[in-house]
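K.L.:
Input: one structure, supplied below.
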Amino acid sequence: MPQSGNTRAGKETPALTPRGERTRTKLIEAAELVFARLGYLETRVADIVAEAGVAHGTFYVYFDSKEAIFHAVVLNLITDMRAKVRSRLGAQPRTAVEAIESAVRAYVLAFRDHQRMMLMWAEVAGLNPDIEQLRQAEIDLFIDRAEKMILRLQDNRLAALDIDANYAATALCGMVREFCYQWAKADVDIDADAAAATLSTLWVRGIGVVHRAPPV
């Protein structure tokens, strides 16, 4: 669901009325459709307002530029990705291996659902420092969570002690992320379950998880 807010490209604006919230949401949803259809560079504000069915001037009540509305689209993408990952984690895992498998599979499937916009996010990050900051913050979040999990396993002697948890988390999260990007770039159908299983196996072996170790 598109996020609401009272900022416009970093500027304070009055709180929106319910009607204003609906219009802003309509613009963000229209922008996502147009960005996905035309690509970031080819998209114009005129294309977005035409898709939303609002006047050109209405756009500037809520956003200063194409860059500003793309920022809003990315915030919604982050929210949707996190929600889909959480919804696919399933029941409480019985082992650490199951926990890793569940998390990797949830991310792969969530990425698949948003692969065109995830590719565009990476592309625009190379052009816009604010978008790059959002992307790096999300990458850092996943690495931090993975590092903490590895450290807990090591503290309980359930994972290899001769690896650096931060380096391992950075490398293994990067492996999963880069696989998903390469898959999206190739634009081919693959067996997502088989891919997730393979990535999970590499993850588990990479940190030397003890067989049947409980989740931590």
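Derivation of every value follows stated rules applied to the coordinates shown; laboratory data play no part. Quick caveat: nothing in here was measured; it's all calculated off a predicted structure. Please note: Cβ atoms are built from the backbone with ideal geometry, for glycine as well, and neighbour counts cover all protein chains shown.
K.L.:
Out of the residues in segment 20-35 that are more than 18 Å from the chain's Cα centre (by Cα) and among the hydrophobic types (A, V, I, L, M, F, W, C), which is farthest from residue 121 (Cα to Cα)? Talk me through it step by step, then tell me what you get.
P.N.:
So the first thing to find is which residues in segment 20-35 are more than 18 Å from the chain's Cα centre (by Cα), and the list is 20-27, 30, 34.
Subset that is among the hydrophobic types (A, V, I, L, M, F, W, C): 27, 30, 34.
Values: 27: 18, 30: 17, 34: 14 Å.
Result: 27.
K.L.:
In segment 89-105, what residues are surrounded by fewer than 19 Cβ atoms within 10 Å (Cβ to Cβ) and under 17 Å from the mean Cα position of the chain (by Cα)?
P.N.:
Within segment 89-105, just 89 meets the criteria.
K.L.:
Now for a different question. State the number of residues belonging to segment 117-134 that are without any contact (Cβ under 8 Å) to a residue 24 or more places away in the chain and either in a helix (DSSP H, G or I) or surrounded by 16 or more Cβ atoms within 10 Å (Cβ to Cβ) (or both).
P.N.:
The number of residues fulfilling the criteria is 4.
K.L.:
Only residues that are in contact (Cβ under 8 Å) with a residue 24 or more places away in the chain, out of contact with any Pro (no Cβ under 9 Å at 6 or more places or on another chain) and part of a helix (DSSP H, G or I): list them for segment 28-44, please. Can you show your working first?
P.N.:
Going residue by residue through segment 28-44, those that are in contact (Cβ under 8 Å) with a residue 24 or more places away in the chain are 28-29, 31-32, 35-36, 39-40.
From what's left, out of contact with any Pro (no Cβ under 9 Å at 6 or more places or on another chain): 31, 35-36, 39-40.
The answer is 31, 35, 36.
K.L.:
Next question, about the same structure. On the basis of being of a type in the set (Gly, Ala, Ser), out of contact with any Lys or Arg (no Cβ under 8 Å at 6 or more places or on another chain), part of a helix (DSSP H, G or I) and under 29 Å from residue 114 (Cα atoms), does residue 184 make the cut?
P.N.:
Values: of a type in the set (Gly, Ala, Ser): yes; out of contact with any Lys or Arg (no Cβ under 8 Å at 6 or more places or on another chain): no; part of a helix (DSSP H, G or I): yes; under 29 Å from residue 114 (Cα atoms): yes.
Taking the combined requirement at face value, the residue does not satisfy it.
K.L.:
Name the residues in segment 50-79 that are within 11 Å of residue 23 (Cα to Cα) and aromatic (Phe, Trp, Tyr), would you?
P.N.:
Scanning segment 50-79 gives 59, 62.
K.L.:
On to the next question. Considering only segment 23-51, how many residues are among the hydrophobic types (A, V, I, L, M, F, W, C), surrounded by fewer than 19 Cβ atoms within 10 Å (Cβ to Cβ) and in contact with a helix residue (DSSP H, G or I) (Cβ under 7 Å, 6 or more places away or on another chain)? Before the answer, list the steps.
P.N.:
Residues of segment 23-51 that are among the hydrophobic types (A, V, I, L, M, F, W, C), as a first pass: 27-28, 30-31, 33-36, 38, 41, 45-46, 48-50.
Narrowing the set further to residues that are surrounded by fewer than 19 Cβ atoms within 10 Å (Cβ to Cβ) leaves 33, 36, 38, 41, 45-46, 50.
Checking which are in contact with a helix residue (DSSP H, G or I) (Cβ under 7 Å, 6 or more places away or on another chain) leaves us with 33, 36, 38, 45-46.
The total comes to 5.
K.L.:
Related question: Against the definition (in contact with a helix residue (DSSP H, G or I) (Cβ under 6 Å, 6 or more places away or on another chain), without any contact (Cβ under 8 Å) to a residue 60 or more places away in the chain, part of a helix (DSSP H, G or I) and not basic (Lys, Arg)), how does residue 147 come out, yes or no?
P.N.:
For residue 147, the condition - in contact with a helix residue (DSSP H, G or I) (Cβ under 6 Å, 6 or more places away or on another chain), without any contact (Cβ under 8 Å) to a residue 60 or more places away in the chain, part of a helix (DSSP H, G or I) and not basic (Lys, Arg) - is met.
K.L.:
Only one of 54, 73 is part of a loop (DSSP other than H, G, I, E, B), in contact with a helix residue (DSSP H, G or I) (Cβ under 9 Å, 6 or more places away or on another chain) and β-branched (Val, Ile, Thr); which? First the steps, then the outcome.
P.N.:
Values: 73 fails: part of a loop (DSSP other than H, G, I, E, B).
Among 54, 73, only 54 is part of a loop (DSSP other than H, G, I, E, B), in contact with a helix residue (DSSP H, G or I) (Cβ under 9 Å, 6 or more places away or on another chain) and β-branched (Val, Ile, Thr).
K.L.:
For residue 137, state whether it is part of a helix (DSSP H, G or I), buried (at least 19 other Cβ atoms within 10 Å of the Cβ) and not polar (S, T, N, Q).
P.N.:
Working: part of a helix (DSSP H, G or I): yes; buried (at least 19 other Cβ atoms within 10 Å of the Cβ): no; not polar (S, T, N, Q): yes.
Considered against the rule, which asks whether it is part of a helix (DSSP H, G or I), buried (at least 19 other Cβ atoms within 10 Å of the Cβ) and not polar (S, T, N, Q), residue 137 comes out as no.
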